[in-house]
Each structure stands twice: as structure tokens, then as C-alpha cells.
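First comes the structure, then the notes that go with it.
The values are calculated or read from the model by the stated rules, or taken from the named source; none is laboratory data. Keep in mind it's a predicted model, so treat the numbers as computed, not measured. Here Cβ is always computed from backbone atoms with ideal geometry, including for glycine, and neighbour counts include all displayed protein chains.
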Amino acid sequence: MISLECASLIYDDGPTALADIALTVEAGEQVQVVGPSGSGKTSLARLLAGRTGDDAGTIFRGALTLGGIRLEFGDGVHPRIDPAAWSSRVGYVAQGAWGQLSMMSSTVAEEIAFAPANRGMSAGQLRTTVQGIAARLHLTDLLDRDPRTLSGGELQKTVIAAALASEPRVLILDEPFQNLDAGAAADVAAALERLRSAGTGLVICEPLVPERPPGHTRVLALEKGNRVFEGTLADARRAGLRRYGIALEGDPPRLRSRISGSAQPSSQPSGDPSCDSSVHRSGGPSGHLSGKSSVHRSGVPVTGPKDDAVLAELLGVSFTYPGKAAGTPAGISGIDFRLGRGEVVALLGPNGSGKSTLLQHLNGLLRPSSGSVRIDGRKLGRRPTGELAATVGYLFQNTDQQLFERTVLREVAYGPRAAGRKREAALEQARLALAEVGLLDHSGPHPYELDFVRRRLVAMASMIATRPRLWVLDEPTAGLDDVGRNRMGELILAHAASGGGVVLATHDTAFAHAVSDRTVTLEGGRVPA
């Protein structure tokens, strides 16, 4: 149905992004493309979606075949691909749901209907299509919502629904399960399986080998633009792909033991087989902390200050979004929450349960309708958000929204400069933060020249550079590959071991249990009794 023959793909005279890759996807076939960040997954997906990039300095040598029509590309040969005609047969869901909104739709229903309406689908068929897809993805209650008010997971389901509405013959999805809770992921998987069963070819790109896709799935593993494995899912799970930085979905992060207990981030690759994640942090299911000389489940001695000092506290906090009407976000209600120094707490719960809303009360982005918030012993009240930057660091769910400077170093130095540091002192803090996240050698490029994982780590470094005592992290592992996930875990443990506190919201339960002292589950804006 669709095939790619890629001799080479090079961006702007840089290193080769893909080399000697051949892939054919037949009707009703599912191919899972896995690999670490920078392996070429997104490049492959974009080529299949007809985005060869010859107008932007990209050099593609190879061929694309769709529906029996073959287009050959090479030196000086760039066949024109009609985007409208190609996308009518090949659907594409890229990374980053925000970037795929039409920005011309005022409701979720209009967003889902946007593409097929532009292709002339009748009003009656549009209604039937939108309602059917919304029912399968449990979006019916959100159809009248403004897409810009959705949670990250709800928005991800919306852009997938919009792709399904066009009824493509081939569907390319780049990390479609990012930001989805288990229920939402199951909804999407079921909708995709229904599409595949009807004859649509699927190509799904993910950083990890999936845990439970359909048994007929074929796996293509990439590393540094090269194919390192192709075969069945069962064979992929036995192939030792972690040596290429490709972990198995559901595996906990591998976190290195540290001899001295000074949990500094390791410069050695996180995939080192000497990592041991079998030792559990003290506290058990209740989450109560015990002692100052416990051992983390990663084997990291926890010797930093861990006492009764409260770093963050929410007392009876409720919040209702302005103009609340049927179908608007639920907010939170009657939340009591405490975080001690040296403690890591993970917030769990389905999409739209209020995790991000709670987090945004910790740095003043949202102010409670009732109740109070205390940070480091001081009532938040009406203190400006900027005043909290040195105390509370915030990592957004969509970290690309945090990046705006023209080099990585300037990006990371912005926070210290805004806090009043002189230029050289701010740059030094930025270099130290970049070293902590393993990106000191990437300080010169524009942030958007880096791959997704490195951009996320740049945002993390920007937060670290201001040296806040409290880290507030919204889906910190979303889209991260094995090495990035391990690095994030070590950064969190190091900060807690030094006496800082961490609150993170995540759907990555294996990660949450590996790094946290306790978990708090939200449902409908509340903590169930």
C-alpha cells in the first residue's frame, strides 16, 4: 500500500538522519517503529507522510510508493507531492498535540470535523462520523469544550480523533500514547485496532518496545538512523534492544547506586547493566518517611535532610475554572496536601482528574477559590509568580512552550538573569545546570535544533539553573527514551537527597514507584477517601 526506500536522508548538510532503510506497509498491517531519541523515528514518519523537506535544505535519496505510484528522489530530482492529495490517503499524527490544532475550531467537535469538512464530507455524515469516533474514544462529554481548555491527555485523544475522522488508508502516528492514562490509551488502541481490521495500514513510532500491542505487530528498531532489528514483537522483546537505548514499556528506570550518598547525576549512560532497581525506598505503602539513613529502591543512599520541615502545603484548596459550565474542566475540591523536605511525591490519576491544576497552585499560576497554599512556610496569598521562581521550579507538560531564547545557553541562563544575577554568574549557573542534565556540549545551538528529549532536558536545566528548593514536574517522562527517563530519575533523586522536594504528575507508574516516597491519586479533582 505504501513503501519507503531511503538510501539516505540528510538535514542541512548535517549528519545522516536515516540510511539504508526500507519499509513496506500493506493494508491492515501494523508496524511499530521503536528507537531512542535521535534514532530517526520522526524522520521516517515524516517521509511516509510525504514531508520530504526538499524546500528546506533536506536531501532525500530514495523513493516513495503510494497506491502503485512510485516517486523517486535524488540529486536534483524532487518530485512534487500534492499535500492535500497525499494527506487524503495518508493520515499523520505528529508529536506534540498543541502544534496540530487547527486554531480555527471553537469546540472539540469542530476540531474533529475540520479536515473531512474541508474535503467535502456532507453535514449528515460529519455528524455521524464525529459522534462515532467521540464515543469510541470517550470524548462525547468534551465535544462542546474549547480544545484549548483540555488536559494534555484529552488534547492528545482529540488530535487522534481528528486523524481518524478522515478515514485514511494509511495512518502514521508519532508517539500517540504520550500523556494518556491507561484507560485513554486502551481507548486509542481499540480505535486503532478497529481501523486496522478494516484495512488501514498503521505505523506507530514509540521510544519503547510496546507491552501489549496486537500479536501480529511487526517491529522495526532504529538507532542513529540505522536499522538494528526487524521482526515480530515476541522476538523484539527477547532481542536485547536495551543495548541500543531501547527499553521495554513498563520497565522501571535503571538508576545507579552511588557510593558516597551524594546523589550527583552520573555521566555514565543510564543503561549500564550494573544499575540495580531492586532496593526499595523507606516508607512503604503509607508513604511515611523513616530515618535519615535509608536506601532508595535504586540503591541510592538517602542521606540528605529528611525531617518534619514542610516545604509545600495545601490546606482545603478548591479551585473552579472561571465561567464554569457543563463540560468545562472540573478543577479541584478540598485538597489537603503536604510535602516535606527531601520528599518525592507522585500524583497519579486519569486525564482531567486535576493533577495539573493542583501543580499550578504550587507556583501561583492558579490561585485557590478557597483554602490556602504555603510554600516554604510562607502563605502564597497574592505573591507574584515571578517572586517564587527562586523557590519553586516548574516543568510544564508541553516543555516546548517554555523555550524562547536563540541558544540553549541563553535559554538556561534566562532564569538566573531574571532573578538578578550578573551576566557571567548567570552563564556559570546555566553551564552547571546543563552539565547536570548532560547537555553541556549542546549549549550553542538554538533549542529547536535539538531533538525532543534534549529539548525537554533543556527546559529541565532552565528550571534547575535558578536552584529552586521545590521542583514541580508535569509529566516529566512523557516522550522520553530510556536514557532520558533514567537521567530524569537520577536528577529527581539527587535533588531530594540534597534536601529539596519534588512533586510530579505522571501516568508512568513504573517511574513513579521507582522515584517517589509515596503516591497521591486524584479522581475528579478530589483525593478519594
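Is it the case that some residue within the stretch 383-395 is more than 24 Å from R467 (Cβ to Cβ) and in a loop (DSSP other than H, G, I, E, B)? Spell out the reasoning first.
Of all residues in the stretch 383-395, those more than 24 Å from R467 (Cβ to Cβ) come to none.
Scanning the stretch 383-395 turns up no residue that is more than 24 Å from R467 (Cβ to Cβ) and in a loop (DSSP other than H, G, I, E, B).
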**Fill in**
Restricted to the stretch 406-435 and to residues being over 19 Å from A390 (Cβ atoms) and part of a loop (DSSP other than H, G, I, E, B), the residue modelled with the lowest pLDDT is R406
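Look at the stretch 507-517 and say how many of its residues are in contact with a strand residue (DSSP E or B) (Cβ under 6 Å, 6 or more places away or on another chain) and either surrounded by fewer than 24 Cβ atoms within 10 Å (Cβ to Cβ) or among the hydrophobic types (A, V, I, L, M, F, W, C) (or both). So that I can check it myself, show each step before the final result.
Going through the stretch 507-517, the residues in contact with a strand residue (DSSP E or B) (Cβ under 6 Å, 6 or more places away or on another chain) turn out to be 512, 515-517.
Okay, now just the ones that are also either surrounded by fewer than 24 Cβ atoms within 10 Å (Cβ to Cβ) or among the hydrophobic types (A, V, I, L, M, F, W, C) (or both), so 512, 515.
Residues in the stretch 507-517 being in contact with a strand residue (DSSP E or B) (Cβ under 6 Å, 6 or more places away or on another chain) and either surrounded by fewer than 24 Cβ atoms within 10 Å (Cβ to Cβ) or among the hydrophobic types (A, V, I, L, M, F, W, C) (or both): 2 in total.
Among V108, V130, which is closer than 30 Å to I2 by Cα, of a type in the set (V, I, T) and crowded, with 23+ Cβ neighbours inside 10 Å?
Working: V108 fails: closer than 30 Å to I2 by Cα.
Matching residue, one of V108, V130: V130.
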**Complete:** Flagged in the stretch 22-39 as on the phi > 0 side of the Ramachandran plot and either assigned to a strand (DSSP E or B) or touching a Ser or Thr at 6+ places or on another chain (Cβ under 9 Å) (or both), in numbering order, are G28
**Message:** What pairs come out if I take residues in the stretch 175-197 that are assigned by TED's automatic domain parsing to the domain that holds R218 and pair them with residues that are β-branched (V, I, T) whose C-beta lies under 6 Å away, six or more apart or interchain?
**Reply:** P176/V93; P176/I160; V188/I160
**Request:** Mind counting the residues in the stretch 76-95 that are surrounded by fewer than 17 Cβ atoms within 10 Å (Cβ to Cβ) and either of a type in the set (S, T, Y) or not assigned by TED's automatic domain parsing to the domain that holds R61 (or both)?
**Result:** 1
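V159 - would you say it is touching a strand residue (DSSP E or B) at 6+ places or on another chain (Cβ under 7 Å), under 30 Å from G524 (Cβ atoms) and surrounded by 15 or more Cβ atoms within 10 Å (Cβ to Cβ)?
Details: touching a strand residue (DSSP E or B) at 6+ places or on another chain (Cβ under 7 Å): yes; under 30 Å from G524 (Cβ atoms): yes; surrounded by 15 or more Cβ atoms within 10 Å (Cβ to Cβ): yes.
Considered against the rule, which asks whether it is touching a strand residue (DSSP E or B) at 6+ places or on another chain (Cβ under 7 Å), under 30 Å from G524 (Cβ atoms) and surrounded by 15 or more Cβ atoms within 10 Å (Cβ to Cβ), V159 comes out as yes.
So which residues in the stretch 370-406 are of a type outside the set (A, V, I, L, M, F, W, C), touching a Ser or Thr at 6+ places or on another chain (Cβ under 7 Å) and under 28 Å from T477 (Cα atoms), if there are any at all?
Going through the stretch 370-406, the residues of a type outside the set (A, V, I, L, M, F, W, C) turn out to be 370-372, 374, 376-379, 381-387, 391, 393-394, 397-402, 405-406.
Next cut, touching a Ser or Thr at 6+ places or on another chain (Cβ under 7 Å) only: 370-371, 376, 379, 393, 397, 402.
Those that are of a type outside the set (A, V, I, L, M, F, W, C), touching a Ser or Thr at 6+ places or on another chain (Cβ under 7 Å) and under 28 Å from T477 (Cα atoms): D376, G393, Q397, Q402.
For residues that are part of a helix (DSSP H, G or I) and free of Cβ contacts under 8 Å to residues at least 40 places away in the same chain, tally how many sit in the stretch 441-462.
Here the count works out to 4.
From the list M460, M488, which one is out of contact with any strand residue (DSSP E or B) (no Cβ under 8 Å at 6 or more places or on another chain) and surrounded by 24 or more Cβ atoms within 10 Å (Cβ to Cβ)? Reasoning before the result, please.
Details: M460 fails: out of contact with any strand residue (DSSP E or B) (no Cβ under 8 Å at 6 or more places or on another chain).
None of the others qualify; the one that does is M488.
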**Prompt:** How do the pairs read when you match residues in the stretch 225-236 that are closer than 15 Å to P36 by Cβ with residues anywhere that are aromatic (F, W, Y), using Cβ under 6 Å and keeping only pairs 6 or more apart or on different chains?
**Reply:** V228/Y244
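Could we say that L180 is crowded, with 16+ Cβ neighbours inside 10 Å and either assigned to a helix (DSSP H, G or I) or within 18 Å of the chain's Cα centre (by Cα) (or both) here?
Values: crowded, with 16+ Cβ neighbours inside 10 Å: yes; either assigned to a helix (DSSP H, G or I) or within 18 Å of the chain's Cα centre (by Cα) (or both): yes.
Criteria met by L180.
Filtering the stretch 310-336 down to residues that are in a loop (DSSP other than H, G, I, E, B) and touching a Gly at 6+ places or on another chain (Cβ under 6 Å), which residue is modelled with the lowest pLDDT? Before you say what the answer is, go through the steps one by one.
Of the residues in the stretch 310-336, the ones in a loop (DSSP other than H, G, I, E, B) are 320-331.
From what's left, touching a Gly at 6+ places or on another chain (Cβ under 6 Å): 320-321, 330-331.
Details: T320: 89, Y321: 84, A330: 66, G331: 87.
Here the answer is A330.
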**Prompt:** Is there a residue in the stretch 468-482 that is in a helix (DSSP H, G or I), surrounded by 24 or more Cβ atoms within 10 Å (Cβ to Cβ) and not aromatic (F, W, Y)?
**Reply:** yes
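Go through G371, G438, G342 for me and flag whichever is within 27 Å of V520 (Cα to Cα), outside any strand (DSSP E or B) and modelled with pLDDT of 90 or more.
Numbers: G371 fails: outside any strand (DSSP E or B); G438 fails: within 27 Å of V520 (Cα to Cα).
On inspection, the qualifying residue turns out to be G342.
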**Fill in**
Of (1) within 28 Å of S333 (Cα to Cα); (2) crowded, with 24+ Cβ neighbours inside 10 Å, R526 fails just (2)
**Item:** Number of positions in the stretch 119-166 that are among the charged types (D, E, K, R) and part of a helix (DSSP H, G or I)
**Value:** 6
